[in-house]
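Engineer: Pasting a structure below so you can have a look.
The values are calculated or read from the model by the stated rules, or taken from the named source; none is laboratory data. Here the structure is a predicted model, which is why all the values come from computation and not from measurement. All Cβ positions, even for glycine, are placed from backbone atoms using ideal geometry, and neighbour counts span all protein chains on display. Only protein heavy atoms, including side chains, enter the accessible area calculation; ligands, DNA and RNA are left aside. Shrake-Rupley method; radii C 1.70, N 1.55, O 1.52, S 1.80 Å.
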Amino acid sequence: MSHVGEDPWKTRLAALGALLRAQRMAADLSLRELSQRTNVSNAYLSQIERGLHEPSLSVLRTIATALGVPLTSLLDQAGLLERQEGDGEPPRRETEAAILQDSDLSEPQRTALLAVYRSFVAANRR
């Protein structure tokens, strides 16, 4: 249920958490088993699944790998990759996916680049 004034980012984190939980259950893994596969604590995984904590890209990548799901697929399904209507250019989600997958960038660099990219896109919409 959406509340007036609810933070859309928190809504997306909740969607990501629900998706991760569904993927974990589909893989027939308990939180404890996923914790062992990822070296991420039970408590932290539980908080992520409940949308209470924003995981880093490296934690998400580790979880996605343990679940056998591409990271970009998880982010896209959770609505965390922006989409662009067809105007002849590659969809923004492909640009964001490329940034996320670029192994030449560190996690802080990817995060910063995504933030700058999204701010430019948002400014151009105005």
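Engineer: For the residue pair THR111 and ALA22, what label-to-label distance in nm results when each label sits 7 Å from Cα along the Cα-to-beta-carbon direction?
Structural biologist: Using points 7 Å along Cα→Cβ, the separation is 2.7 nm.
Engineer: Related question: Probe of 1.4 angstrom, ligands and nucleic acids ignored: what's the accessible area per residue over region 22-66, in square angstrom? Working shown, then result.
Structural biologist: Details: 2530 Å² over 45 residues.
Value returned for region 22-66: 56 Å² of accessible area per residue.
Engineer: Say each of ASN39 and ARG12 gets a label point 7 Å from the Cα, pointing the same way as Cα to Cβ; how far apart are those two points in nm?
Structural biologist: 2.9 nm
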